[in-house]
Amino acid sequence: MKTRFYPHTFAYLLPHIWRVLCKGACTVGFPFGEAKLPSGYRGVVKIKPELCRGCGLCVRDCPAFGIELEREGRDKFRLIYYPDRCAYCSQCETSCNFGAIYQVNEFVPATDRPDELRVVLVDRWPEEDSTADEDQTD
């Protein structure tokens, strides 16, 4: 079976082909220049620590387990963020009733050591007094 050539389809495509060829490249020079992020880009998770109450709603609702809450008692807690796990879905920002968590228009810096990506957002876990331990041993 022979394929038929329809001249009207070629005539229809010709202006489109010409426009694409004359338009030029639409790539970015990222490795050699600055990366321009769109205004709506949701990137790194940041926090206002004075607003965080340690309620754990952000941890509960995170689908990628990118936020972890270590707690001992009511006022002793540590909120930890793992950018390598984060899906950048903004669910933590939506879940926070106090407006403590927000996302900024930045990339996570590249690294070859994923253990360095652990970020402590809030640290309300006071270290034990070393002087108090010394007093008890005497």
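A short reminder: the numbers here are calculations on the coordinates, not readings from a lab. Quantities reported herein were computed from a predicted structural model and do not represent experimental measurements. Heads up, the Cβs are rebuilt from the backbone with ideal geometry, glycines too, and the neighbour counts pull from every protein chain shown.
For this structure, a couple of remarks:
- Shown for the chain: lysine pairs separated by 8 or more places, or found on different chains, whose C-alpha atoms are under 27 Å apart, numbering 5.
- The C-alpha atoms of the chain define a longest principal axis, and helix 7-23 lies at about 50 degrees to it.
- Between LYS23 and LEU37, the contour length at 0.36 nm per residue exceeds the alpha carbon distance by 2.8 nm.
- Sequence-separation-based contact order of the stretch 39-126, relative, with Cα cut under 8 Å and 6+ spacing, percent: 42 percent
- About its Cα centre, the dipole of the stretch 39-126 is roughly 280 debye, where the only charges are +1 on Lys and Arg Cβ and -1 on Asp and Glu Cβ.
- GNM result for the chain, Cα springs below 10 Å: residue of ASP123, ASP112, ASP84 fluctuating most strongly: ASP112
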